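J.: Structure in structure tokens, see below.
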Amino acid sequence: MLRTARCLLLPLSAVVFLAACGSESTDTAKADKQPAAVQTPKVEQQPEMASGLLTRPGWTYSKQAVAAANPLAAEVGQSILAAGGNALDAAIAAQLVLNLVEPQSSGIGGGAFLLSWKEGELIAWDGRETAPAATTPNLFLDEEGKPLPFMAGVTSGKSVGVPGLLKMLQAAHKTHGQLAWQDLFQPAILLAKEGFAISPRLHLLLDKDPKLRNNPAARAYYYQPDGSALPVGHLLKNPAMAAIFTQIAKEGADAFYHGAIAKSIVAAVNQAKLPGKMERSDLANYLPLAREALCGNWQEYQVCGFPPPSSGQLAIMQLLGILDQVENPATASEESFYTAEGLHQYLAASNLAFADRALYVADPEFVEAPANSWLSLINPAYLQERASKIGEGFQGVAQAGKPENFKSSYALQPEQPEYGTSHLSVIDAQGNGIAMTSSIEQAFGSRIFVDGGTGLAGGFFLNNQLTDFAFKPEDEQGKPVANRVEAGKRPRSSMSPTLVFSNPANELVASLGSPGGAAIIHFTAKTLLGSLGWQLAPQEAIELPNMASFNSTASLLETKGFSAAMKAGLEAKGYQLQERDLTSGIQMLLVTPQGILGGADPRREGWVAGE
């Protein structure tokens, strides 16, 4: 059986060569299907905008593999494994590189959820940001008591939570790491000093972002004098990050949470337009958590993910579990699933899962689990009762259920936008595994760019994770929303790092996850269905067309991913459909008798490296 860590407060008391990444793996698992062409997103429920499709062949490695959102990060992770590091070491080094090459998605100014599996022990490391101590539930209300416009909240000091990434990574490293902490920083330091070529995706996001140029430091660093974004291929160095990483490598994570770096973060937050209320004590007092992973049975597997404050694992297991309980389920094969009836079952099940998410899920230090256990939401008897709500067609906006007749004292949270994030997966030669999803929330987070007090060019972005809280803390009757803002609280998330084990759980089968805001839940569930359910190679499963529903009147289908007959069939069942990009960024590693099969989403710049 899995040994999992109970929730604990964790106070924190040889150079690896940067590998080249110009060639693809020799062994491939070819994907027959190509995803639809991607258009510019038009709704707020999108993750980062699309940047076109990149051909991905699929990969096969016999020993170990790293899947990350950028080729440089994946290759650095592999170089760490080759130097004798384990899965966690590789993940840390890869994440530091992502801070440089994919700054719009994650970094030291944000947080992460990390599942670490080593020698039979599974720990869910919570590095989610927290609300500063001076925060009140009215954080995002104006003087008249009305919610601020969403983007006004995002691009303000109010949105910045206390970053948790570095303290969490250091705590995890002390428990499961192998190489010296300082060695894991050397590839990122080298890259920051010598520079890297701006990728097409980073260029496009810089070019199209309507807010980033308003920050003088970001404008000076990422844009040319005429205001145009630095071009694709431009060699971008980051002296500020080289200095910051060098200090943290030498002094540990505390160097970030104290001294000049902490001072620069607090000043930037409190001097922003619509300032926040962060103090240096908020940074000094941040504590990562080691939580018990939330695991559930699905088919012949045990699927493990993150418990609240993430809503991802609960929603994924509800969705898959409800589909298994439907009479004549359409999940048996890809052919039966991608029909009007199959998509109807999926969208209806997802609406039921998102209804529960909106009512129940929040930071477990602040709210009670229904029926005193989050597992009540994925109990087979409860899922069978929820499946009975699925009719012949669209049933309207779903209502939350009552596991074991539990009556909630909270109000429903209206759906609001979620964005960004990055995911990486690692499986090493010893069978240890990592699934980590990290985030600064929106693309470029709060758009607050800091140099850590170095006075050098470059730096990092601060998150806007507090906008994941409900802007309205209560409903019209004064009933509180579970996911309202409170001091020290961690906002609800959809991040869904996932490790899958054989059942009984004794061997690691897969590591996967995705960016994409609330749609992470759908991207991950679809990939589990395709790979483990329908026995597709990871690359094939990732490239299947995306769909999403957030329990509203409209359902989303990936542009050009669905036939006219399927869409007409859904409309005949009462569905209102909107075609959108649904720009997933899934990474997946799957252990098979043939080796470790890897897949990376062609909708972004993901890559798999290994040996």
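The values are calculated or read from the model by the stated rules, or taken from the named source; none is laboratory data. Here the structure is a predicted model, which means the values were calculated and not measured. Here the Cβ positions follow ideal geometry from the backbone for every residue, glycine too, while neighbour counts run over all protein chains shown.
J.: Among the listed residues Glu579, Glu540, which satisfies the condition of being under 27 Å from Gly77 (Cα atoms), surrounded by fewer than 24 Cβ atoms within 10 Å (Cβ to Cβ) and modelled with pLDDT of 95 or more?
T.: Of Glu579, Glu540, the one residue that is under 27 Å from Gly77 (Cα atoms), surrounded by fewer than 24 Cβ atoms within 10 Å (Cβ to Cβ) and modelled with pLDDT of 95 or more is Glu540.
J.: Please indicate, with yes or no, whether at least one residue in the stretch 354-369 is farther than 17 Å from Ser311 by Cα and modelled with pLDDT of 95 or more.
T.: No: the stretch 354-369 contains no residue that is farther than 17 Å from Ser311 by Cα and modelled with pLDDT of 95 or more.
J.: Can I ask one more? Applying the selection to the stretch 427-469, what residues are assigned to a strand (DSSP E or B) and within 30 Å of Phe501 (Cβ to Cβ)?
T.: Ile427, Gly433, Ile434, Ala435, Met436, Thr437, Ser438, Ser439
J.: Tell me, yes or no, whether the stretch 304-319 has at least one residue that is at pLDDT 95 or above and surrounded by fewer than 23 Cβ atoms within 10 Å (Cβ to Cβ).
T.: No, the stretch 304-319 has no match at all.
J.: Of all residues in the stretch 102-157 being within 17 Å of Arg490 (Cα to Cα) and of a type in the set (Asp, Glu), which is surrounded by the fewest Cβ atoms within 10 Å (Cβ to Cβ)?
T.: Asp126
J.: Kindly evaluate Arg386 against the criterion of being at pLDDT 95 or above, farther than 30 Å from Glu611 by Cα, not in a loop (DSSP other than H, G, I, E, B) and not small (Gly, Ala, Ser).
T.: In short, yes.
J.: Of everything in the stretch 222-245 that's among the hydroxyl-bearing types (Ser, Thr, Tyr) and over 27 Å from the mean Cα position of the chain (by Cα), which residue is nearest to Met278 (Cα to Cα)?
T.: Applying the filter and picking the extreme gives Tyr223.
J.: Exactly one of (1) farther than 30 Å from Lys237 by Cβ; (2) modelled with pLDDT of 95 or more; (3) within 19 Å of the chain's Cα centre (by Cα) is unmet by Ala67. Its number?
T.: So the condition that Ala67 fails would be (1).
J.: What number of residues in the stretch 55-106 are in a helix (DSSP H, G or I) and not acidic (Asp, Glu)?
T.: Residues that pass the stated criteria total 25.
J.: Would you be able to say whether some residue in the stretch 355-371 is surrounded by 19 or more Cβ atoms within 10 Å (Cβ to Cβ) and either at positive phi or β-branched (Val, Ile, Thr) (or both)?
T.: yes
J.: What number of residues within the stretch 553-611 satisfy the criterion of being in a loop (DSSP other than H, G, I, E, B), more than 21 Å from Met495 (Cβ to Cβ) and either of a type in the set (S, T, N, Q) or more than 23 Å from the chain's Cα centre (by Cα) (or both)?
T.: Selection size over the stretch 553-611: 12.
J.: Would you pick out the residues in the stretch 143-174 that are under 30 Å from Glu251 (Cα atoms) and either among the β-branched types (Val, Ile, Thr) or at pLDDT below 95 (or both)?
T.: Val160, Val162
J.: Ok, one more. Go through the residues of the stretch 85-102 one by one and say whether even a single one is within 24 Å of Ala519 (Cα to Cα), at pLDDT below 95 and in contact with a strand residue (DSSP E or B) (Cβ under 7 Å, 6 or more places away or on another chain).
T.: no
J.: Moving to a separate point now. Of the conditions (1) modelled with pLDDT of 95 or more; (2) in contact with a His (Cβ under 9 Å, 6 or more places away or on another chain), Gly516 clears all except one; give me its number.
T.: Condition not satisfied by Gly516: (1).
J.: What pairs come out if I take residues in the stretch 442-464 that are within 13 Å of Ala260 (Cα to Cα) and among the aromatic types (Phe, Trp, Tyr) and pair them with residues that are outside any loop (DSSP other than H, G, I, E, B) and modelled with pLDDT of 95 or more whose C-beta lies under 7 Å away, six or more apart or interchain?
T.: none
J.: Would you confirm, using the coordinates I've provided, whether Gln178 is surrounded by fewer than 24 Cβ atoms within 10 Å (Cβ to Cβ) and touching a Lys or Arg at 6+ places or on another chain (Cβ under 8 Å)?
T.: no
J.: Answer yes if at least one residue in the stretch 479-488 is among the acidic types (Asp, Glu), modelled with pLDDT under 95, surrounded by fewer than 23 Cβ atoms within 10 Å (Cβ to Cβ) and in a loop (DSSP other than H, G, I, E, B), and no otherwise.
T.: No; the residues of the stretch 479-488 include none that is among the acidic types (Asp, Glu), modelled with pLDDT under 95, surrounded by fewer than 23 Cβ atoms within 10 Å (Cβ to Cβ) and in a loop (DSSP other than H, G, I, E, B).
J.: How about the stretch 375-402: which of its residues are of a type in the set (Phe, Trp, Tyr) and farther than 18 Å from Leu577 by Cα?
T.: Of everything in the stretch 375-402, just one residue is of a type in the set (Phe, Trp, Tyr) and farther than 18 Å from Leu577 by Cα, namely Tyr382.
J.: Continuing with this model, one more query. Does any residue of the stretch 412-426 turn out to be buried (at least 23 other Cβ atoms within 10 Å of the Cβ), modelled with pLDDT under 95, part of a loop (DSSP other than H, G, I, E, B) and among the aromatic types (Phe, Trp, Tyr)?
T.: yes
J.: For the stretch 176-187, what are the residues that are more than 15 Å from Ala249 (Cβ to Cβ) and under 23 Å from the mean Cα position of the chain (by Cα)?
T.: The answer is His176, and nothing else.
J.: Okay, next question. Out of Lys273, Lys193, Lys208, report the one residue that is under 27 Å from the mean Cα position of the chain (by Cα) and surrounded by fewer than 17 Cβ atoms within 10 Å (Cβ to Cβ).
T.: Of the residues listed, the single one that is under 27 Å from the mean Cα position of the chain (by Cα) and surrounded by fewer than 17 Cβ atoms within 10 Å (Cβ to Cβ) is Lys208.
J.: For Met151, indicate whether it is over 24 Å from Gln95 (Cα atoms), within 23 Å of the chain's Cα centre (by Cα) and among the aliphatic types (A, V, I, L, M).
T.: Yes; evaluated as a whole, the condition is true for this residue.
J.: Of all residues being part of a strand (DSSP E or B) and of a type outside the set (A, V, I, L, M, F, W, C) in the stretch 489-508, which is farthest from Ser350 (Cα to Cα)? Just the residue, please.
T.: Going through the qualifying residues, I end up with Ser502.
J.: For the stretch 400-411, name all the residues that are buried (at least 19 other Cβ atoms within 10 Å of the Cβ) and part of a helix (DSSP H, G or I).
T.: Within the stretch 400-411, just Pro403 meets the criteria.
J.: Pick from Ala240, Ala293: which is buried (at least 16 other Cβ atoms within 10 Å of the Cβ), of a type in the set (Gly, Ala, Ser) and either closer than 30 Å to Thr331 by Cβ or modelled with pLDDT under 95 (or both)?
T.: On inspection, the qualifying residue turns out to be Ala293.
J.: Something else about it: When the residues of the stretch 379-394 are narrowed to those that are surrounded by fewer than 16 Cβ atoms within 10 Å (Cβ to Cβ) and of a type in the set (S, T, N, Q), which ends up farthest from Ala572 (Cα to Cα)?
T.: Among residues in the stretch 379-394 that are surrounded by fewer than 16 Cβ atoms within 10 Å (Cβ to Cβ) and of a type in the set (S, T, N, Q), the one farthest from Ala572 (Cα to Cα) is Gln384.
J.: Looking at the stretch 151-167 only, could you name the residues that are out of contact with any Asp or Glu (no Cβ under 7 Å at 6 or more places or on another chain) and not small (Gly, Ala, Ser)?
T.: Hits for the stretch 151-167 are Met151, Val154, Thr155, Lys158, Val160, Leu165, Leu166, Lys167.
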